[in-house]
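Reading through the C-alpha cells given below for one structure.
The values are calculated or read from the model by the stated rules, or taken from the named source; none is laboratory data. Remember, predicted model here, so these are calculated numbers, not experimental data. For neighbour counting, all protein chains shown are included, and Cβ atoms are generated from backbone atoms with ideal geometry for every residue, glycine included. Just so you know, the surface numbers come from the protein's heavy atoms only, side chains and all, with ligands and any DNA or RNA stripped out. Shrake-Rupley method; radii C 1.70, N 1.55, O 1.52, S 1.80 Å.
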Amino acid sequence: MEIKTTKLKRCDLITLIGRFDSAAAPALDNALREANERGVYRIVLDMSGVEYFGSAAIRALVVAYKACRRFNRGDVRLAAVPDKIKQVFDITGITPLVNIYDDVVTAVGSF
Amino acid sequence: MTTAEYELCVASQLGKLAEISDFVGEAATRAGLDEGQVFEVQMATDEACTNSMEHAYEGREDGEVHVCCFIENNSFVVRITDFGKPFEPAEVPQPDITLPLEERSIGGLGLFLIYRLVDDVEFARDVGGGNQVTLRKHRSKEE
C-alpha cells in the first residue's frame with residue numbers, strides 16, 4: 001500500500017496504490033486529515049492503482065467527505081476508479097453521492 | 001477440487017489480512033470461481049476477519065483466527081473461527097445507504113457488505129468457545 005500527496009494549485013492530488021484494508025485505512029485517514037490541517041479541503045483521489053478498498057477505507061473516505069464539504073469549503077473527488085472498486089461503492093450506496101471522474105486531469109480540472 | 005480443504009491459522013493482527021486474502025483467493029480460484037466471484041469472497045472474508053480482530057479480540061493481537069476453505073453442495077465455503085468474545089450480529093446497526101453522505105453513520109458497513117457479497121452467511125458459537133462465521137458462494141457451473 002502506498003499513498004502519495006501532490007500539492008497542486010487548485011487542490012491536493014492524493015494517489016493511492018495497492019490494498020486498502022483495515023490495516024491500511026488509518027494511513028488513508030491520516031493523509032486526508034493532514035491535507036485538512038493545512039487548510040486544504042479540495043482533494044482528488046487517484047484511485048487507478050487501488051486493488052482493494054474495504055469498509056474501513058470507505059469510513060475514512062466518508063469522514064473526509066464530511067470534513068471537506070462542511071461550510072461548502074471543498075470536496076473529495078475520485079478519479080479513475082477501477083470497476084471492482086466501483087462495484088463496492090455501488091453496493092454501499094456511495095456512488096450516487098460522490099463525484100467520480102474518468103481520469104485525474106478531468107477531476108483536477110473540475111475544481 | 002471436490003474434497004480438498006485448505007486451512008490457514010494466523011495471529012489476530014490486521015497486518016495479516018493481506019495473507020488471508022491471498023489464501024482465500026487461491027482456494028476460490030482453484031474451486032473454479034470466476035474473477036468477480038473470487039473478489040467478492042475475498043472481500044467478505046476480509047470484512048469477517050476484521051470483525052474478529054477488532055471486535056471479538058477487541059484489537060488484541062495475541063489471538064488466533066482460523067480460516068478454512070472447502071467445497072460443499074457446489075458452493076465454495078469459507079469458515080472463519082476466532083476464540084474471542086461472543087459476537088452478536090443482530091446488535092450491529094444496519095447502515096442506511098440511502099441517506100446523504102453528511103448523515104451517514106460510520107458503523108455496520110462491514111457486516112452489510114458481507115451479506116451482499118456472498119450467497120449465504122451463518123453465525124455460530126464455536127464449540128471451543130469462539131465465534132464461527134460461515135460464508136457460502138454458489139459456484140455458477142459444475143466443474
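For segment B:6-138, what is the relative contact order in percent, using Cα pairs closer than 8 Å and at least 6 residues apart in sequence?
Numbers: 238 pairs, mean separation 35.8, N = 133.
Rounded, it is 27 percent for segment B:6-138.
Which entries of A:LYS84/B:LYS137; A:LYS7/A:LYS66; A:LYS66/B:LYS16; A:LYS66/B:LYS85 show an alpha-carbon separation above 23 angstrom in the structure shown? Each step should come with its number before you reach the end.
Values: A:LYS84/B:LYS137 17 Å; A:LYS7/A:LYS66 21 Å; A:LYS66/B:LYS16 30 Å; A:LYS66/B:LYS85 33 Å.
Cα-Cα > 23 Å for A:LYS66/B:LYS16; A:LYS66/B:LYS85; rest within.
Enumerate the calculated ³J(HN,Hα) couplings along segment A:80-96 in order (Karplus 6.51 cos²θ - 1.76 cosθ + 1.60, θ = phi - 60°), each rounded to whole Hz, writing x wherever the residue is Gly or Pro.
After applying 6.51 cos²θ - 1.76 cosθ + 1.60, I find 6, 7, x, 3, 5, 6, 4, 4, 5, 5, 5, 4, 8, x, 7, 3, x Hz.
Just to confirm my numbers, what's the Cα centroid distance between segment A:1-70 and segment B:1-71 in Å?
26 Å
How would you classify segment B:1-50 from its alpha-carbon gyration tensor, with a ≥ b ≥ c the square roots of the eigenvalues: rounded for a/c under 1.5, else prolate if a/b is greater than b/c, otherwise oblate? Write down the numbers at each step before the final one.
Values: a/c = 2.63, a/b = 1.45, b/c = 1.82.
Because a/c hits 1.5 or more and a/b fails to exceed b/c, segment B:1-50 counts as oblate.
Name the residues whose placed amide hydrogens come within less than 5 Å of the amide hydrogen of B:SER105, ignoring near sequence neighbours (fewer than 5 apart) on the same chain.
Answer set, sorted by chain and number: B:ASP96.
Averaged over peptide B:94-102, how many Cβ atoms belonging to another chain are found within 10 Å of each residue's Cβ? Don't skip to the end; give the middle numbers.
Working: counts 0, 3, 1, 6, 3, 2, 2, 11, 6.
Mean partner shielding for this stretch: 4.
Cα gyration tensor of segment B:6-138, axes a ≥ b ≥ c as square roots of the eigenvalues: rounded (a/c below 1.5), prolate (a/b > b/c) or oblate? Walk me through the intermediate numbers first.
On the way: a/c = 1.63, a/b = 1.14, b/c = 1.42.
Oblate, because a/c is 1.5 or more while a/b does not exceed b/c.
State whether the protein assembly as shown is rounded, prolate or oblate according to the following rule on the C-alpha gyration tensor (a ≥ b ≥ c being the square roots of its eigenvalues): a/c under 1.5 gives rounded; otherwise a/b larger than b/c gives prolate, and the remaining case gives oblate. Please report the intermediate quantities before stating the final value.
Details: a/c = 2.11, a/b = 1.74, b/c = 1.22.
Since a/c reaches 1.5 and a/b is larger than b/c, the shape of the protein assembly as shown is classed as prolate.
Based on DSSP, what percent of beta bridges with both residues in chain A are antiparallel, to the nearest 5? Walk me through the numbers on the way to the answer.
Values: 6 of 22 bridges.
Given both bridge residues lie in chain A, the antiparallel proportion sits at roughly 25 percent.
Per residue of the protein assembly as shown, what 222 nm ellipticity follows from adding -39500 (n - 2.57) for every DSSP H run with n ≥ 4, rounded to the nearest 500?
Numbers: 7 runs with 83 residues, N = 254.
Mean residue ellipticity at 222 nm (helix-derived): -10000 deg cm²/dmol.
How many partner chain Cβ atoms sit within 10 Å of a residue's Cβ in peptide A:51-59, on average, as a whole number?
Details: counts 3, 7, 1, 9, 15, 9, 0, 5, 6.
For this peptide, the per-residue mean of nearby foreign Cβ atoms is 6.
Ordered by packing density, taken as the mean number of other Cβ atoms within 10 Å over each peptide's residues, highest first, how do B:11-20, B:96-105 rank? List each step's numbers first, then the result.
Values: B:11-20: 18.4, B:96-105: 12.5.
Highest to lowest by the protection proxy: B:11-20, B:96-105.
Expressed as a whole percentage, what fraction of the accessible surface of segment A:2-109 belongs to carbon and sulfur atoms when a 1.4 Å probe is rolled over the protein heavy atoms?
The nonpolar share, carbon plus sulfur, comes to 49 percent.
Would you calculate the separation in nanometres between label points at A:ASP102 and B:ASN73, each defined as 7 Å from the Cα along the Cα-to-beta-carbon direction?
The answer from the label model is 4.6 nm.
Count the DSSP beta bridges whose two residues both fall in the protein assembly as shown, then state the antiparallel fraction as a percent rounded to the nearest 5. Intermediate results must be reported in sequence, preceding the final value.
Working: 34 of 50 bridges.
Percentage antiparallel, nearest 5: 70.
If you average the sequence gap of Cα pairs under 8 Å that are 6 or more apart and divide by the length of segment A:2-109, what percent do you get for the contact order? Intermediate results must be reported in sequence, preceding the final value.
Values: 189 pairs, mean separation 28.2, N = 108.
Relative CO of segment A:2-109 lands at 26 percent.
Take peptide A:82-90, look around each residue's Cβ out to 10 angstrom, count Cβ atoms belonging to other protein chains, and average those counts.
2
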